[in-house]
Amino acid sequence: MSAEDAQDGVSSGLSDQTGQIMITLTTLDKSFAVPEVPLYVPLSLKRYGLSEVVNHLLATERPIPFDFIINSELLRTSLQEYIIQKGLSSEQTLALEYTRSILPPTFLASYSHPDWVSSVDVIEATSSNVNAVPILSGCYDGIVRTWNLSGSVVSEFGGHMGPVKSVRWLDENKVVSASMDRSIRIWKVPVGNQGDEVMVDVLGNNGPQTVVSARTFTGHKSTVEDIAVNAATSRMLSAGADGAVGLWTTNYKEAPPATVSVSTRELSGKRRRKTVVPSRGPISMMGSHTGPVTGVIFDPKDDTVGYSVSLDHTIKTWDLVTGALVDTRTTSFPLVSIAALPELSLLCSGSSARHVTLHDPRAAADATTSRTLVGHTSFVVSLSRSPESEYMLSSASHDGTVRVWDVRAQKSMYVITRESKTADKAKVFGVHWSKTVGIVSGGEDKRVQINRGTGLEVINQ
């Protein structure tokens, strides 16, 4: 299509031709690309009108909603209001990047717990585990639970002596938890009759199956704040309030002997036939942080590299083969969460300063942060990237909200509030963005909450 054809087509579809501005339209999604030619459009256009322009150029049979980004900022006003706010002239050409829009996440369900929900995780359904119980939650009552999508507890894992701080699926048969009792425990998910006495002892045939013992790993001297797992290497990373980063193997036979032991809690009102709780230690404890470590992840592209964040304001990079500290970059605020956007080669950190910062680990340690995402009004304690779009992530905060972000814009796209009416602005402690379930979060309202928006799972069609 020529520039003249494009302009004629747009002009014929727009009735208001007074007060115009020249724009260019670009997208990173090749399936929605239009001719990159300058177009005159009315200054009165907002997102909906601009979407009409793109749909006209694409000649789509059904309208597709788009979001528009100008200078890394989502357009939420008319073009006229935008240029006034930015002190620009209507004689300038505005470069607009567009991306398929998502609809606001709507509330689907919530699952009640006896105490605060500290952490959530979801295992995605596959052709081999279509009947898998997807949702995992950790609670301040010391119990780890699995849930089906009907809101029923399927399994309970009890044994921690303190509140559970972090939970992860190892695979469809095992889960791992970390606690204020300084231990990490691997639990075998009960399926029918269990014969592995070393792993678990399952009691009860009615209601949730209760697992009362697990393989236990000790080595931290204080609360284990966070854990990360890498199935390919059978390795785990742990973040300790003692300032240490632990590297562990999930292979029991390979694990070194433990030098520290912890007790297993009796589940009140439930008789236990036997308890077998092996205890093993870490492969290494990596110390360099000068404050509590609050988050750890494996590098998504290189499982021999790990990252940690701490209240000491730093992000550290670790060589997991040697246990050596590779890089330290210092920020201005205590850091409380971390996630990676591998396609963009970015690390995201949540801070006590109420924002999310984006870092390029390939840049020099003293390089300026590439971008800051603002909107939360309290600590940003959990981050989870979109399973579909390399540009999107979700964040959970003590301000009682989960926010959905496109990192090409400084402000959040959507804000998810708690549906529970039991507490005003109840803190949210954990979030996980699942392709099959939705945005799952847990918090101070003692609930796991599920939200889902049309388009959240198919952003890059």
Along principal axes, Cα extents of the stretch 74-117, largest first, whole Å: 60, 21, 14
Of Lys188/Lys427; Lys174/Lys253; Lys86/Lys411; Lys46/Lys86; Lys165/Lys221, pairs whose Cα-Cα distance is over 24 Å: Lys188/Lys427
Volume per residue that the Cα convex hull of the stretch 387-437 spans, once the total is divided by residue count, Å³: 82 Å³
Enclosed volume per residue, in Å³, of the convex hull spanned by Cα atoms of the stretch 298-453: 112 Å³
Quarter of the Cα convex hull surface for the stretch 29-88, i.e. its orientation-mean projected area (nm²): 4.5 nm²
Accessible surface of the stretch 27-145, 1.4 Å probe, proportion on carbon and sulfur as whole %: 51 percent
By average C-beta atoms within 10 angstrom, highest first, the peptides 380-391, 285-296: 380-391, 285-296
Within-10-Å neighbourhood charge of Met286 [Cβ basis; K, R +1; D, E -1]: 0
Burial ranking of peptide ranges 297-304, 139-146 (average Cβ count within 10 Å, highest at the top): 139-146, 297-304
Charge context of Ala258, other residues only, Cβ under 15 angstrom, K/R +1, D/E -1: +4
Charge sum, other residues only, whose C-beta stays under 9 Å from Arg47's C-beta, Lys/Arg counted +1 and Asp/Glu -1: +1
Peptides 31-42, 436-447, 85-96 ordered by average Cβ neighbours within 10 Å, highest first: 436-447, 31-42, 85-96
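The values are calculated or read from the model by the stated rules, or taken from the named source; none is laboratory data. Worth saying up front: this structure is predicted, and the values here are computed from it rather than measured. Please note: Cβ atoms are built from the backbone with ideal geometry, for glycine as well, and neighbour counts cover all protein chains shown. Each accessible area value is taken on the protein alone, full model and side chains, heavy atoms only, with ligands, DNA and RNA left out. Shrake-Rupley method; radii C 1.70, N 1.55, O 1.52, S 1.80 Å.
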